[in-house]
1. Could you list, ordered by first residue, the pairs with Cβ atoms under 9 Å in which the first is in segment 36-60 and more than 23 Å from G22 (Cβ to Cβ) and the second is of a type in the set (S, T, Y) and in a loop (DSSP other than H, G, I, E, B), at least 6 apart or interchain?
2. Would you confirm whether or not segment 63-79 contains a residue that is under 30 Å from E21 (Cβ atoms), over 14 Å from the mean Cα position of the chain (by Cα), loosely packed, with under 11 Cβ neighbours inside 10 Å and modelled with pLDDT of 90 or more?
3. Looking only at residues that are under 22 Å from the mean Cα position of the chain (by Cα), hydrophobic (A, V, I, L, M, F, W, C) and outside any strand (DSSP E or B) in segment 88-141, which one is modelled with the lowest pLDDT?
4. Please state which one of A54, A41 is more than 16 Å from the chain's Cα centre (by Cα), of a type in the set (G, A, S), modelled with pLDDT of 85 or more and surrounded by fewer than 10 Cβ atoms within 10 Å (Cβ to Cβ).
5. If you check every pair at least six apart or on different chains, which have Cβ atoms under 9 Å apart with a residue in segment 106-132 that is free of Cβ contacts under 8 Å to residues at least 12 places away in the same chain and more than 18 Å from E34 (Cβ to Cβ) first and a residue that is among the aromatic types (F, W, Y) and surrounded by 15 or more Cβ atoms within 10 Å (Cβ to Cβ) second?
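The values are calculated or read from the model by the stated rules, or taken from the named source; none is laboratory data. Everything quoted here is computed from the prediction, not taken from an experiment. Note that we place each Cβ from the backbone using ideal geometry, even for glycine, and neighbour counts take in every protein chain shown.
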Amino acid sequence: MDEQMVEFAKMFKERDNMPYEGYSIGEVVEGFPEIAIKLDAQRILYKDRLVFAAHILKDYEREFELEGEIQFTDENCGETNVMSLHSHSIESLNVDSQTLKAKGKVKWTDVIKKDDKVILVPNADHQKYIVIDKAVTFDVS
């Protein structure tokens with residue numbers, strides 16, 4: 001094998017790599033705005049060491065667009081009401097069920113709070129952690 005290739009391979013072998021630890025599960029010990037997350041018995045992470053995925057923040061908005069089909073039947077499709085407090089049944093309802101298009105915004109109104117478990121991913125030097133989402137586990141009995 002070429003001597004340069006051997007030296008190159010040694011560089012990879014000898015470098016001081018931390019083993020990949022993957023994600024961690026933390027517990028929220030203080031909610032927003034002064035968020036604090038317990039990583040383990042000795043470490044609590046405060047907001048200066050946390051980066052949040054936007055979708056887990058309160059009042060986060062996303063735009064959406066839907067396109068597809070919608071189906072109606074003539075059963076229980078509603079009534080009309082008039083000012084004289086009596087009602088009329090709907091005789092017919094014409095809907096273009098071939099195309100449905102809608103646009104708008106969805107607003108998340110919940111937020112991570114005390115005692116929630118969260119998924120954390122550390123950066124390379126473990127100085128910052130990305131809070132990915134709430135963590136959910138199932139009791140397997």
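1. Once the first residue is more than 23 Å from G22 (Cβ to Cβ) and sits in segment 36-60, its partners that are of a type in the set (S, T, Y) and in a loop (DSSP other than H, G, I, E, B) give K58/T109; D59/T109.
2. Checking segment 63-79: not a single residue is under 30 Å from E21 (Cβ atoms), over 14 Å from the mean Cα position of the chain (by Cα), loosely packed, with under 11 Cβ neighbours inside 10 Å and modelled with pLDDT of 90 or more.
3. W108
4. A41
5. N123/Y129
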